[in-house]
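Visitor: Handing you a structure now.
The values are calculated or read from the model by the stated rules, or taken from the named source; none is laboratory data. Just so it is clear, the model here is predicted, and its values are computed rather than measured. Note that we place each Cβ from the backbone using ideal geometry, even for glycine, and neighbour counts take in every protein chain shown. In case anyone asks, the SASA skips ligands and DNA or RNA and just uses the protein heavy atoms, side chains included. Shrake-Rupley method; radii C 1.70, N 1.55, O 1.52, S 1.80 Å.
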Amino acid sequence: MVYILNRTEYTLDRIDRKILSALRGNGRLTVAQLAEEVGLSSSPCWTRLKRLETLKIIEGYTVNVNPKAIGIHEVFFIEITLERHDDEMLENFSEALADIPEVVEAHLVTGDYDYLVKVAVKDAEHYERFLRKKLYSIKGIRHTRSTFALRPLKSANTADLMLIE
């Protein structure tokens with residue numbers, strides 16, 4: 001697959017995909033461990049890793065936190081329709097969502113509503129406070145509809161799909 005990033009054309013080969021897959025499984029691998037897992041020596045593996053980072057194919061390293069362990073027990077999805085769709089309204093709304101810690105994902109979408117927002121909260125009371133004090137204080141919302149998640153069936157980073165051959 002050919003990617004164009006920052007005006008640089010780059011083709012991910014089988015080894016690059018193995019590197020990305022290994023790091024998705026364990027972002028704390030040392031270069032030596034990564035090299036062994038993908039079948040390279042350390043120096044070429046390090047070179048490939050740095051290239052993937054420089055090209056922003058690898059944008060950073062994160063940790064997955066168990067939400068229940070930190071008191072986050074509920075997930076809601078909110079469909080949001082705005083009053084207007086001009087650039088200023090979309091920009092202001094996007095910036096406001098980005099500043100709310102309970103919002104863990106927000107997508108501008110096509111279809112019957114404008115945004116699909118994923119919210120993580122402690123409980124239903126926390127969700128009600130989030131709605132009244134935070135979400136509904138954002139100017140320009142015409143309509144919302146919430147859906148409560150019973151349990152996750154599958155959760156993956158979108159980039160994981162690109163590693164499938």
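Visitor: If the limit is 24 Å between Cα atoms, which of Lys118/Lys139; Lys56/Lys134; Lys68/Lys139; Lys122/Lys154; Lys50/Lys154 go over it?
Guide: Result: Lys56/Lys134; Lys68/Lys139; Lys50/Lys154 exceed 24 Å.
Visitor: If you count only protein heavy atoms with a 1.4 Å probe, what accessible area per residue comes out for the range 1-88, rounded to a whole Å²?
Guide: Counting only protein heavy atoms, the per-residue value for the range 1-88 is 69 Å².
Visitor: Along the charge dipole of the chain, Cβ charges K/R +1 and D/E -1, which of Ala156, Leu55, Gly39 sits furthest on the positive end?
Guide: Positive-end residue among those listed: Gly39.
Visitor: What is the Å³ per residue value for the convex hull set by the Cα atoms of the range 67-149?
Guide: In the range 67-149, the Cα convex hull volume per residue is 85 Å³.
Visitor: Still on this structure: Taking square-rooted eigenvalues a ≥ b ≥ c of the alpha carbon gyration tensor, is the range 1-80 rounded, prolate or oblate, where a/c under 1.5 means rounded and, failing that, a/b exceeding b/c means prolate?
Guide: Taking the square roots of the gyration eigenvalues as a ≥ b ≥ c, the range 1-80 is oblate.
Visitor: What full-extension length gain, to one decimal in nm, is calculated for Ser21 and Thr110 as 0.36 nm per residue of separation minus the Cα-Cα distance?
Guide: Length difference between fully extended and current span is 29.0 nm.
Visitor: Further question on the same structure: Which label marks the calculated value of percent of Cα pairs over 26 Å apart, given the options (1) 38; (2) 19; (3) 48?
Guide: Step by step, percent of Cα pairs over 26 Å apart for this structure corresponds to label (3).
Visitor: For the ranges 115-126, 21-32, 130-141, what's the packing order if you count other beta-carbon atoms within 10 Å of each residue, average per peptide, and put the highest first?
Guide: Ranking the peptides 115-126, 21-32, 130-141 by packing returns 115-126, 130-141, 21-32.
Visitor: Whole-Hz ³J(HN,Hα) for each residue in the range 101-112, computed from phi via Karplus 6.51 cos²θ - 1.76 cosθ + 1.60 with θ = phi - 60°, x for glycine and proline: what do you get?
Guide: Coupling constants for the range 101-112: x, 5, 7, 9, 8, 8, 10, 7, 10, 9, x, 6 Hz.
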